[in-house]
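In what follows, a single structure is set out as structure tokens and then discussed.
The values are calculated or read from the model by the stated rules, or taken from the named source; none is laboratory data. Bear in mind the structure is a predicted one, so any value in this text is a computation, not a measurement. As a convention, Cβ positions derive from the backbone with ideal geometry for all residues, glycine included, and neighbour counts pool all protein chains shown.
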Amino acid sequence: MKEQKRRRKENKTDYLKRLKLLKSEKPRIVFRKTNKYILAQYVVSKEAQDKVSFGITSNELTKYGWPESAKGSLKSITASYLTGYLIGKRIIKNKLTEPIIDLGMIPALHKSKTYAFIKGVIDSGIKISCKKEAFPEEARIKGEHLKNKIKFEEIKSKISKE
């Protein structure tokens, strides 16, 4: 019986997917979720060595007007969208090569935080192919379902001005 690699056993790395990403020779936007935040990194690989050019967390949204009372929802669909929008704007601002999305071992469930993040990246001006029906509804992206109302348009316009 063939023994699995340690990171595969721990459900951390899909080596087949990683090999395909490395063969594309394109930079990647790595998307990760924690218990508190959404993380996004712009990663460039050279000879299978990853170098993080820059990264952001959804905690940075507090600088753009995310309400203090809604700090517990920095992992919501709205925060995912705005984090994707922010990293997309920074990629364009720094004139970096257009990347591909790397979700790692996160299951790609339709209408989830993952697709809200991808929609944010696309809306910022980065070209990524994705089915429109996979995105969450606009009301959920704008945070209309949250108890603590978020000034979505105000935050998005502040990010655009950066």
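If F117 passes every condition in (1) out of contact with any strand residue (DSSP E or B) (no Cβ under 9 Å at 6 or more places or on another chain); (2) among the aromatic types (F, W, Y); (3) within 23 Å of K26 (Cβ to Cβ) but one, which one does it miss?
Among (1) out of contact with any strand residue (DSSP E or B) (no Cβ under 9 Å at 6 or more places or on another chain); (2) among the aromatic types (F, W, Y); (3) within 23 Å of K26 (Cβ to Cβ), the lone unmet condition for F117 is (1).
Could you list, in sequence order, all residues of the stretch 2-28 that are more than 18 Å from T97 (Cβ to Cβ) and of a type in the set (A, V, I, L, M)?
Of everything in the stretch 2-28, those that are more than 18 Å from T97 (Cβ to Cβ) and of a type in the set (A, V, I, L, M) turn out to be L16, L19.
Across the stretch 105-137, which residue is surrounded by the fewest Cβ atoms within 10 Å (Cβ to Cβ) among those that are of a type in the set (S, T, N, Q) and under 13 Å from A40 (Cβ atoms)? Spell out how you get there, then give the answer.
To start, the set of residues in the stretch 105-137 that are of a type in the set (S, T, N, Q) comprises 112, 114, 124, 129.
Filter once more, keeping what is under 13 Å from A40 (Cβ atoms): 114, 124.
Values: T114: 23, S124: 20.
My answer is S124.
Within the stretch 64-86, which residues are under 20 Å from I141 (Cβ atoms) and without any contact (Cβ under 8 Å) to a residue 12 or more places away in the chain?
Correct list: K71, G72.
Can you tell me which residue within the stretch 37-62, out of those that are assigned to a loop (DSSP other than H, G, I, E, B) and modelled with pLDDT under 95, is farthest from G84 (Cα to Cα)? Can you show your working first?
As a first pass, look at the stretch 37-62 and keep what is assigned to a loop (DSSP other than H, G, I, E, B): 37, 47-48.
Still in the running and modelled with pLDDT under 95: 47-48.
Working: E47: 27, A48: 25 Å.
Within the stretch 37-62, the match that is farthest from G84 (Cα to Cα) is E47.
Where residues in the stretch 18-44 are of a type in the set (K, R) and touching a residue at least 60 places away in the same chain (Cβ under 8 Å), which of them is surrounded by the most Cβ atoms within 10 Å (Cβ to Cβ)?
R28
Counting just the residues of the stretch 45-61 that are within 11 Å of the chain's Cα centre (by Cα) and of a type in the set (S, T, Y), which one comes out surrounded by the most Cβ atoms within 10 Å (Cβ to Cβ)? Break it down stepwise before answering.
Let us first name the residues in the stretch 45-61 that are within 11 Å of the chain's Cα centre (by Cα), namely 55-58.
From the residues that got through so far, the ones that are of a type in the set (S, T, Y) too are 57-58.
Working: T57: 18, S58: 26.
By that ranking, first place goes to S58.
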